[in-house]
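Engineer: One structure coming up, written as C-alpha cells, with questions to follow.
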Amino acid sequence: MKKTLIALISMTIVALTGCRAPKDITYMQGWDDAEVHAAINLNSIKAQPDDKLSIAVNTDNPVLSESLNLPTFSHRIGQEQYKNGNMSITSQSQTMSFYTVDPRGYINFPLLGEIHIAGMTRSEIAAHITEQLEAQNIAKHPVVIVEWANVGVTISGEVLQPGRYAVSRDAMTLPEALGMAGDLTIQGLRTNILVVRQEGGKTTSYRVDLTDGEALQKSPAYYVRQNDYIYVEPNSMKKRSATVNGNNVLSASFWVSIASLLTSIAVLVFK
C-alpha cells in the first residue's frame with residue numbers, strides 16, 4: 001500500500017511537469033497520406049513601390065538589345081597607394097542594373113518611357129513589356145526576363161537563425177519561409193505565428209496556427225509577400241524560464257522541487 005501510494009504521487013507529479021503535448025508541436029495536422037488539397041488564396045508576389053527589379057531583354061538585333069537593357073556601371077572605391085614610385089588604386093567594382101518602382105508604381109524603361117507595373121507579377125511584367133515592344137514596332141519576338149532584386153521577409157523570435165531572407169519564388173509559403181530561418185526552436189509557439197504585412201499603405205496583422213493544416217492553407221498569410229515581418233513568440237515554458245529568478249509558482253524548477261518534497265514526505269509518513 002505504501003509503495004503504491006508513493007508511486008501514485010510520483011506519477012502525478014511527473015504528469016504535471018511533463019512536456020507539452022505533441023499536438024502543439026506537429027505541423028499541418030489533419031492531412032492524411034496522399035490527400036489532395038487544392039491551392040487556396042494562391043497569391044504570387046506582385047510589384048509595389050520601392051521594389052527593385054532586374055529586367056533583361058534579348059532580341060535578334062545585338063545593338064537593339066543593348067539599347068533595351070540598362071547599362072552596367074562599374075566604378076572604383078578605394079584610395080591611391082604608391083609602390084616603387086608607381087601609383088595604384090585599391091578598389092572594389094560595383095555593378096548597378098536595377099529598376100526601382102516609384103511611388104506611383106511606374107518604372108522608366110528604355111525606348112518605352114514610363115510604364116506602370118505595380119500590382120503585376122513577374123510574368124505579367126514580362127508579358128506587358130513584350131506587348132509594348134511589339135505594339136510600338138520596336139522589337140519582334142523579344143525575350144524578356146524579370147527577376148526580383150530586393151524582395152525579402154524578416155523572421156525573428158524563436159527560430160534557429162533570425163534575419164532577413166530573400167524571396168526568389170513568386171509563391172513562397174509561410175512554412176517554406178520559416179524553413180529558410182532553420183525552422184522554429186522547440187520553445188517556439190507553433191499555434192500563434194504573427195505575420196505583419198504592409199498592404200496599400202496599411203499595416204495588417206495575421207495570426208497563423210502551423211499545427212492546423214486546413215486553417216493554415218486558408219490563411220491570407222499562407223503565401224508570404226515582400227517585406228512581411230514574421231514573429232515566432234516563445235511558448236509558456238520559455239516565458240516562465242525568463243523570469244528574474246526562474247522559480248515562480250508555474251516554473252518547471254518549482255514543480256520539480258515540489259515533486260521531490262512530496263516524495264520525501266510520503267517516504268517519512270509511510271515508512
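Engineer: Of the residues 114, 131, which single one is outside the structural domain of residue 26 (by TED's automatic domain parsing) and touching a strand residue (DSSP E or B) at 6+ places or on another chain (Cβ under 9 Å)?
Structural biologist: Details: 131 fails: touching a strand residue (DSSP E or B) at 6+ places or on another chain (Cβ under 9 Å).
One residue alone meets the criteria, 114.
Engineer: What number goes with the only condition from (1) among the β-branched types (Val, Ile, Thr); (2) in the same structural domain as residue 62 (by TED's automatic domain parsing); (3) without any contact (Cβ under 8 Å) to a residue 24 or more places away in the chain that residue 125 does not pass?
Structural biologist: Evaluating residue 125 over (1) among the β-branched types (Val, Ile, Thr); (2) in the same structural domain as residue 62 (by TED's automatic domain parsing); (3) without any contact (Cβ under 8 Å) to a residue 24 or more places away in the chain leaves (3) as the failure.
Engineer: Can you pull out every residue in the range 192-233 that is free of Cβ contacts under 8 Å to residues at least 60 places away in the same chain and among the aromatic types (Phe, Trp, Tyr)?
Structural biologist: Within the range 192-233, just 206 meets the criteria.
Engineer: Return only the number of the condition from (1) more than 21 Å from residue 237 (Cα to Cα); (2) in contact with a helix residue (DSSP H, G or I) (Cβ under 7 Å, 6 or more places away or on another chain); (3) not polar (S, T, N, Q) that residue 184 does not satisfy.
Structural biologist: Condition not satisfied by residue 184: (1).
Engineer: Does any residue of the range 78-98 turn out to be farther than 30 Å from residue 187 by Cα, modelled with pLDDT of 60 or more, in a loop (DSSP other than H, G, I, E, B) and not assigned by TED's automatic domain parsing to the domain that holds residue 199?
Structural biologist: The first filter runs over the range 78-98 and keeps only residues farther than 30 Å from residue 187 by Cα, leaving 78-98.
If we keep only those that are modelled with pLDDT of 60 or more too, we end up with 97-98.
Okay, now just the ones that are also in a loop (DSSP other than H, G, I, E, B), so 97-98.
Imposing the further condition that a residue be not assigned by TED's automatic domain parsing to the domain that holds residue 199 reduces the set to 97-98.
Looking through the range 78-98, at least one residue is farther than 30 Å from residue 187 by Cα, modelled with pLDDT of 60 or more, in a loop (DSSP other than H, G, I, E, B) and not assigned by TED's automatic domain parsing to the domain that holds residue 199.
Engineer: Criterion first (in a loop (DSSP other than H, G, I, E, B) and either within 37 Å of the chain's Cα centre (by Cα) or at pLDDT below 95 (or both)) does residue 123 satisfy it?
Structural biologist: Values: in a loop (DSSP other than H, G, I, E, B): no; either within 37 Å of the chain's Cα centre (by Cα) or at pLDDT below 95 (or both): yes.
For residue 123, the condition - in a loop (DSSP other than H, G, I, E, B) and either within 37 Å of the chain's Cα centre (by Cα) or at pLDDT below 95 (or both) - is not met.
The values are calculated or read from the model by the stated rules, or taken from the named source; none is laboratory data. Quick caveat, the model's predicted, so the values are computed rather than measured. Quick reminder, even Gly has a Cβ in these numbers, built from the backbone with ideal geometry, and neighbours come from all protein chains shown.
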